[in-house]
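Here is the structure we will look at, set down as structure tokens.
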Amino acid sequence: MTANDDYILEILESVGLISREQVRKARESALKDDKSVIDVLVRDHVVLKMDILKALANQFGMDTISLTGLELPQEVLDLVPGEVAKRYKIVPVFKNDSTLTVALNDPLDVETLDGLRYILKCNVEGVVAPLEEIEIALSHYYGHTGSTVESMLEEITEGTVTMPGTAGQELMADGEVSEADAPIIKLVSLIILEAFRNRASDIHLEPLPKKFRVRYRIDGVMHEVESPPKRLQSAIISRVKIMANMSIAEKRLPQDGRIQINVMGRDLDLRVSSIPSNHGESIVMRILDKEGLLLGLPQLGFFSDDQQTFERMIGLSDGILLVTGPTGSGKTTTLYACLNYINRPDRKIITVEDPVEYQLSGINQVHVRSDIGLTFAAALRSILRQAPNIIMIGEIRDMETAEIAVNASLTGHLVFSTLHTNDAPSAIIRLIDIGVKPFLVASSTRAIMAQRLVRKICDKCKEEYKPSDSELRLIGPAAQQLAEAQLFRGRGCNDCSFSGYRSRRGIFEIFLVNDEVRHMIFERVSASELRTKARQLGMRTLREDGIRKVVSGMTTLQEILRVTMGDVD
């Protein structure tokens, strides 16, 4: 059962399947045996699983079905690809006119039905069936599902996922691998391997009251995958912490670590973060694929006009160039692409980062270590004595770092850095709020670029479509432009895991600082006034650049609405 236990118990009581006394006894047993109350009631034969399903189905106006002995027509099975059926754990049962009926286990799972309606482009209704029968039917009609943890573990062979220096053998804390440890080692390797196969950027291990949830962030969107049993939570977290050289004894304080690992012949860096939560330690592993880094400006998503403007900006001899946006908007990747573009033997480039995410050939990279006093400010003071031409600062976080960056830019250095602001003009106000004097901000800042990442339509299943009236209303003034354009979306296929999207590209807002803008900065005008002036000078907003990319067929209207807020006129 995936629905809330208390809610299910109320329904079962209301239809007379169980009594209050039986629930009380089951709660006591559940506490002792570390099981859910529903599992205890089924185990003790107080109520049958099928009766629970029928009660829930009736509550939501759905029918129940038994798949045992039922022969499903091939033309109905062909309507749902095997990968979709396995991922959603559903079985198509019959088709009536334009409505497809599928068997699923949880009648409360409306998200599955909504997802299927979008993927299959037809109306989908559900009937309820036992999970065991659904899994048997999936194996029978679609072949071995490979969806259970046990079956997926069999796919991992020696050396598929290895740590540097172990020659294919994973080591525990004491350097020994016991027979009891082997399944946990394999399971953690599987979680990392599946994340890599699915092009995930993050792995999230999240302890919940009744389950240990595993989610991958793929193309910026979270996807839940099959979760390991709750009883393995502690062992899995300990294994990850050992791999990341973190203390397994410390469970009360946040920790950070790093895993260097080889997956299917590719070297990956995993940045690991743990934080205590109500039900155990929550772990996030950020995957840095050195070989998968896009280091060309066209690959970032620039159109030719914006790319020419950007190339002029990064070709300046001095001043500050800022890239802004929230966490995960691709700021660091953009800065690396800049450095790669201007990296020549006659230029000395030094970066100060926390941490150094990717090694760049021919560039001096400094890793900030606050624990020994090597802060951004301390590192910057030292590297200025190294006579660099170009400096990249991972992030301007405080007044000290900002002042050194400004002074460096005013003494003939080109400085790249990032800030966390929602749009480009707000970066000016942020620097002044940090404590930098307005005349210094005005003198040093050459350009600011805000950016977001949007998912790119999958090339394999791209199809034309007409936007709905509600979508056009949401997009505002650009609706007329879109109504006359040829728009596309992804239908969903194996190549994009039926999401309709594969990989991401940037949308950009480029704010060039000229004499008129410098005067406004010196006068300490508001961010909205700076934004109005920037638009008068030709700055395209994030949404306007996104609309251009919708019209070009790069992304969809839904993506632009998802990542941009309405422009302020």
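The values are calculated or read from the model by the stated rules, or taken from the named source; none is laboratory data. Note that the coordinates shown come from a computational prediction; the quantities given were computed from them, not determined experimentally. Please note: Cβ atoms are built from the backbone with ideal geometry, for glycine as well, and neighbour counts cover all protein chains shown. When the accessible area is computed, the model is the full protein with side chains, heavy atoms only, and any ligands, DNA or RNA have been set aside. Shrake-Rupley method; radii C 1.70, N 1.55, O 1.52, S 1.80 Å.
Observations on the structure shown:
- Residue-averaged 222 nm ellipticity for the chain, from DSSP H runs of 4+ at -39500 (n - 2.57), nearest 500: -11000 deg cm²/dmol
- Efficiency of FRET between Ser139 and Arg369 - r from beta-carbon atoms, R0 60 angstrom, step 0.05: 0.70
- Under 5 Å from the amide H of Val93 lie the amide H atoms of Thr101, Val102, Ala103, each residue being 5 or more positions distant or on a separate chain, with H modelled from the backbone and absent for Pro and chain starts.
- Residues of the range 42-58 with amide N under 16 Å of a point placed 7 Å along Cα→Cβ from Thr68: 48-54
- Across the options Asn494, Thr64, Ala450, the greatest Cα extent toward the positive end of the charge dipole of the chain (unit charges at beta carbon of Lys, Arg, Asp, Glu) belongs to Ala450.
- The distance between label points at Asp289 and Asp305 comes to 3.3 nm (points 7 Å beyond Cα on the Cα→Cβ vector).
- Net length available on complete extension from Arg213 to Ser98 is 37.9 nm, with 0.36 nm assigned per residue and the Cα-Cα distance removed.
- Extension gain for Lys35-Leu79 works out to 12.0 nm (0.36 nm per residue, less the C-alpha to C-alpha distance).
- The string of couplings for the range 506-518 from the Karplus curve (6.51, -1.76, 1.60, θ = phi - 60°) is x, 10, 10, 10, 9, 10, 8, 8, 10, 4, 5, 5, 4 Hz, one whole number per residue in order, with x for Gly and Pro.
- Kirkwood hydrodynamic radius of the range 24-145, Cα pairs, Å: 15.5
- Here the dipole of the range 280-365 is about 180 debye; that uses its Cα centre as origin and unit charges on the Cβ of Lys and Arg (positive) and Asp and Glu (negative).
- Heavy-atom accessible area, probed at 1.4 angstrom with all protein chains present, ranks Asp305, Asp346 as Asp346, Asp305, highest first.
- Element breakdown for the range 422-569 at a 1.4 angstrom probe: carbon and sulfur atoms account for 49% of the accessible area.
- Dipole of the range 220-344, positive direction: furthest Cα of Ile261, Asn340, Ile287, with charges on the beta-carbon: Ile261
- Each Lys and Arg adds +1 at its Cβ and each Asp and Glu adds -1 at its Cβ; summed about the Cα centre, the chain shows a dipole of about 1500 debye.
- The chain - Cys residues lacking any other Cys C-beta under 4.7 Å: Cys122, Cys338
- Additional length obtainable on full extension of the chain from Gln480 to Arg258, 0.36 nm per residue less Cα span: 74.9 nm
- Cα-based shape type of the range 200-245, given that a ≥ b ≥ c are square roots of the gyration tensor eigenvalues and the cut on a/c is 1.5: oblate
- Anisotropy class of the range 474-569 from Cα gyration tensor, a/c 1.5 cut: prolate
- Two-site FRET efficiency, Lys348 against Tyr7, from Cβ-Cβ distance with R₀ of 51 Å, rounded to 0.05: 0.20
- Rounded to 0.05, the FRET efficiency of the Ile248 and Asp51 pair, given R0 = 45 Å and the Cβ-Cβ distance, is 0.55.
- In order along the range 220-232, the Karplus-derived 3J(HN,Hα) couplings, from 6.51 cos²θ - 1.76 cosθ + 1.60 at θ = phi - 60°, round to x, 10, 6, 10, 7, 10, 4, 8, x, x, 4, 5, 8 Hz, and Gly and Pro are given as x.
- A Cα-only calculation for the chain places Rg and Dmax at 27.7, 83 Å.
- Here's the list of lysines a cross-link from Lys210 could span, going by alpha-carbon distance under 25 Å and ignoring same-chain residues fewer than 8 apart: Lys25, Lys32, Lys35, Lys49, Lys54, Lys86, Lys89, Lys186, Lys230, Lys241, Lys251.
- For the range 361-416, the pair-distance distribution built from all alpha carbon pairs, in bins 10 Å wide starting at 0, is 23, 60, 17, 0 percent.
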